[in-house]
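The values are calculated or read from the model by the stated rules, or taken from the named source; none is laboratory data. On a predicted model such as this, the values are computed, not experimentally measured, just so you know. Neighbour counts run over all protein chains shown; Cβ positions are idealised from the backbone, glycine included.
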């Protein structure tokens, strides 16, 4: 089996919308708990960055991640989140997991 695929990125919310954006992403995590290959989907923030929302995902493969974007519920949440973004999302870090606790 190939090493798991990890995607770590940051979204920048419109001023005052960080929490609303995080809530949508947390809702997405509930959908992804039923999607093939999703091992981890964590939403986080940093106190010094009031507009930033961080997403860390671990998947069995990049293909599983890419296929999850075709899920109708995921598509709907993406559309719901887009107006809350202060600009287009930037490409996250794509990493190959070597191992560690919980993997």
Working only within the range 5-44, note down all residues that are in a loop (DSSP other than H, G, I, E, B) and either farther than 19 Å from residue 93 by Cβ or out of contact with any helix residue (DSSP H, G or I) (no Cβ under 7 Å at 6 or more places or on another chain) (or both).
-> 14, 15, 16, 17, 33, 34, 35, 36
Over the range 79-101, the set of residues out of contact with any helix residue (DSSP H, G or I) (no Cβ under 8 Å at 6 or more places or on another chain) and within 17 Å of residue 8 (Cα to Cα) is 88, 89, 90, 91, 92, 93, 95, 96, 97, 98, 99, 100
Any residue in the range 55-73 that's more than 20 Å from residue 10 (Cβ to Cβ): show its pairings with residues that are in a helix (DSSP H, G or I) at Cβ separation under 7 Å, as long as the two are six or more apart or on different chains.
-> 71/31; 73/31
Evaluate the range 86-93: report whether one residue or more is surrounded by 15 or more Cβ atoms within 10 Å (Cβ to Cβ), modelled with pLDDT under 95, outside any strand (DSSP E or B) and in contact with a strand residue (DSSP E or B) (Cβ under 8 Å, 6 or more places away or on another chain).
-> yes
Out of (1) loosely packed, with under 13 Cβ neighbours inside 10 Å; (2) in contact (Cβ under 8 Å) with a residue 60 or more places away in the chain; (3) closer than 21 Å to residue 19 by Cβ, the one residue 81 does not meet is (1)
Do the conditions hold for residue 69, that is, is it surrounded by fewer than 16 Cβ atoms within 10 Å (Cβ to Cβ) and within 13 Å of the chain's Cα centre (by Cα)?
-> yes
Taking residue 65 as the residue in question, decide whether it is under 27 Å from residue 99 (Cα atoms), assigned to a helix (DSSP H, G or I) and out of contact with any helix residue (DSSP H, G or I) (no Cβ under 6 Å at 6 or more places or on another chain).
-> yes
